[in-house]
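Enquirer: Pasting a structure below so you can have a look.
The values are calculated or read from the model by the stated rules, or taken from the named source; none is laboratory data. Please read all numbers here as calculations on a predicted model, not as lab measurements. Cβ coordinates were reconstructed from backbone atoms using ideal geometry, including for glycine residues, and neighbour counts include every protein chain displayed.
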Amino acid sequence: MKKEYTESVILGIDPGTNVLGYSVIEQKGKEITLLEMNVLRLGKIENMSTRMKDLFDAIVNIIDRYKPDILSIEAPFFGKNVQSMLKLGRAQGICIAAAFSRSIPFVEYSPRKIKQSITGNGASSKEQVALMLQRIVSFEMPNYLDATDALAVAICHFHCQNNPFPSPQKQKRQSSKAAWSSFVEKNPDKIA
């Protein structure tokens, strides 16, 4: 069965309260076009309430400009610093609320899943991800890798929606079932 490819605009976000990366890609079939990749620098705004309001307004502005079909956002990761995790969660929530304000659905991907979808290795560095992205979509390396992280989130969603192959976890399950069937077939006397 042939996979049917669609057209869509994907907004990718790498959330942050000091520097937030965002990218917008357009998918037409198997082709990806980078429409914008940049960062919002919010760290200079002292008042957190003002910072979050400015973040919300900026994301709504990006959504109104590009009219994405979906928001693809990096999920907060579990780190040692609880305050950093809370701030990341706050930024993620603001971005999701901005998407909801324009009736845009969202999906989230773990940092490991994003890196794996771009480089094949879930433990890749930001630099490795950025270099691989340059091979996928041509761009000049930005000053902040938060921008390329956001591009990785958007392209991760593209890959996950258009991957005709099952995830490695599913493949593992299938191969272990096949291995068990093979064992049973070769050793009927060992099965009670």
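Enquirer: Name, by its number, the condition in (1) over 13 Å from the mean Cα position of the chain (by Cα); (2) crowded, with 17+ Cβ neighbours inside 10 Å; (3) in a helix (DSSP H, G or I) that does not hold for residue 127.
Expert: (2)
Enquirer: Let me ask something additional. Step by step: first the residues of segment 33-56, then only those that are more than 15 Å from residue 18 (Cα to Cα) and touching a helix residue (DSSP H, G or I) at 6+ places or on another chain (Cβ under 8 Å), then the one that is surrounded by the most Cβ atoms within 10 Å (Cβ to Cβ). Which residue is that?
Expert: Among those that are more than 15 Å from residue 18 (Cα to Cα) and touching a helix residue (DSSP H, G or I) at 6+ places or on another chain (Cβ under 8 Å), it is 37.
Enquirer: Taking segment 7-32, which residues are among the polar types (S, T, N, Q), buried (at least 16 other Cβ atoms within 10 Å of the Cβ) and touching a strand residue (DSSP E or B) at 6+ places or on another chain (Cβ under 9 Å)?
Expert: Matches in segment 7-32: 23, 27.
Enquirer: Whether any residue in segment 161-174 is within 15 Å of the chain's Cα centre (by Cα) and modelled with pLDDT of 90 or more is what I want to check.
Expert: Taking every residue of segment 161-174 in turn, none turns out to be within 15 Å of the chain's Cα centre (by Cα) and modelled with pLDDT of 90 or more.
Enquirer: Condition check: in a helix (DSSP H, G or I) and surrounded by 19 or more Cβ atoms within 10 Å (Cβ to Cβ). Does residue 72 satisfy that?
Expert: No.
Enquirer: Further question on the same structure: Does any residue of segment 63-82 turn out to be farther than 24 Å from residue 110 by Cβ and in contact with a helix residue (DSSP H, G or I) (Cβ under 7 Å, 6 or more places away or on another chain)?
Expert: Checked against the condition, which is being farther than 24 Å from residue 110 by Cβ and in contact with a helix residue (DSSP H, G or I) (Cβ under 7 Å, 6 or more places away or on another chain), segment 63-82 yields no hits at all.
Enquirer: Okay, next question. Looking at 117, 103, 84, 138, which one is assigned to a loop (DSSP other than H, G, I, E, B) and modelled with pLDDT under 95?
Expert: Among 117, 103, 84, 138, only 138 is assigned to a loop (DSSP other than H, G, I, E, B) and modelled with pLDDT under 95.
Enquirer: List every residue pair whose Cβ atoms sit under 9 Å apart, with the two residues 6 or more apart in sequence or on different chains, where the first one lies in segment 103-117 and is more than 13 Å from residue 161 (Cα to Cα) and the second, anywhere, is among the basic types (Lys, Arg) and not in a helix (DSSP H, G or I).
Expert: As it stands, the answer is 104/67, since those pairs meet every condition given.
Enquirer: Checking residue 65 against (1) assigned to a helix (DSSP H, G or I); (2) over 29 Å from residue 6 (Cα atoms): exactly one of these is not met. Which one?
Expert: Result: residue 65 fails condition (2) only.
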